[in-house]
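See below for the structure under consideration.
Throughout, read-outs are computed from the coordinates displayed, never taken from laboratory work. The shown structure was predicted, so the numbers you read here are calculated from the model rather than taken from an experiment. Backbone-built Cβ (ideal geometry, glycine too); neighbour counts: all protein chains shown.
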Amino acid sequence: MYQKEVAERVVAGPGGRDYGPFSLAVQLWADAEYLLTVTSDRFRPAPKVDSGVVRLTRRATPALPPGLPPAEFTKVVRAAFSQRRKMAAKSLAGALGLGRAKVDAAFAAAGLDVTARAEAIPLEGFARLALALRPEGSPC
C-alpha cells in the first residue's frame, strides 16, 4: 500500500504524466498491477490522502534484452527524462554528451520517432535505444 499518487506512478504506462524514471525502474524488475484505492476515511486518524494497493510480482530477470546491463538502461532513461518538456533525442544528446546525428541514428535503429518525448517511449523502446547507443564493439 502506497500513497495513491505514488501507486499511480508505480503502475503508469507511456503517455501519461505519471510515467517516468520511477515507473520504469519498478517495471524493469517487477510486473505492477493497481488493485484498489483505499480512501482516507478508512483510517483512524484519517490521513489527508487516499492510498492505493499495488501488486508487485518480481521478475526472475530484468525486462531487458540479454546482455544489456540495467545500469546502461537506467542511464539512458534518466538522460531522456532530464528535460521532460523537450524531445527525448535532444535531452539524450545533451545529457550524454553525444552528437545529435548519433542520437537520431539510434532512434531510427530502435524504431522510435526522433520527435518523441520521453514520456511516450515504452520500456521496450528504451531498451532498444540503450542498445543502439552502445559504443561500437560493446558486447550484447
Point to revise | Size of electric dipole in the chain: Cβ of Lys, Arg +1 and of Asp, Glu -1, about Cα centre, debye, nearest 20 | key: 360
Study note, to complete from the structure: Plugging the Cβ-Cβ distance of Ala46 and Arg134 into 1/(1 + (r/R0)^6) at R0 = 35 Å yields, to the nearest 0.05, a FRET efficiency of 0.10
**Study point:** Long-range amide H partners of Val38 with built H, under 5 Å
**Key:** Ser51, Gly52, Val53
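Just to confirm a number: summing +1 for Lys and Arg and -1 for Asp and Glu over residues other than Phe43 whose beta-carbon lies under 15 angstrom from that of Phe43, what do you get?
Its environment carries a net charge of +2.
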Practice item. Using a Förster distance of 25 angstrom, determine the FRET efficiency expected from the C-beta separation of Arg85 and Val6, and round it to 0.05. Key: 0.65
Check your understanding: Given only helices, namely DSSP H runs of n ≥ 4 each adding -39500 (n - 2.57), what is the per-residue ellipticity at 222 nm of the chain, to the nearest 500 deg cm²/dmol?
Key -> -11500 deg cm²/dmol
Exercise for review: Mind listing the long-range amide H neighbours of Ala30? Cut-off is under 5 Å, sequence gap 5 or more, other chains count too, H placed in the peptide plane at 1.01 Å from N.
Suggested key: Arg59
Practice item. Could you tell me which of Gly97, Gly111, Pro66 has its Cα farthest along the dipole of the chain towards the positive end, charges placed at Cβ (Lys, Arg +1; Asp, Glu -1), taken about the Cα centre? Key: Gly97
Check your understanding: Using the scaling law 2.2 N^0.38 Å as the reference, what is the normalised Cα Rg of the range 17-93?
Key -> 1.47
Practice item. Report relative contact order for the chain in percent, whole number only (criteria: Cα-Cα under 8 Å, sequence separation at least 6). Key: 23
Review point. For P(r) over Cα pairs in 5 Å bins from 0, in percent, which listed value, (i) 2, 10, 20, 24, 16, 12, 8, 5, 3, 1, 0; (ii) 2, 10, 18, 19, 16, 12, 9, 6, 4, 2, 1, 0; (iii) 2, 8, 13, 17, 17, 16, 13, 8, 5, 2, 0, comes from the coordinates shown?
Key: (ii)
Check your understanding: Between the range 55-86 and the range 10-31, what's the alpha-carbon centroid distance in Å?
Key -> 10
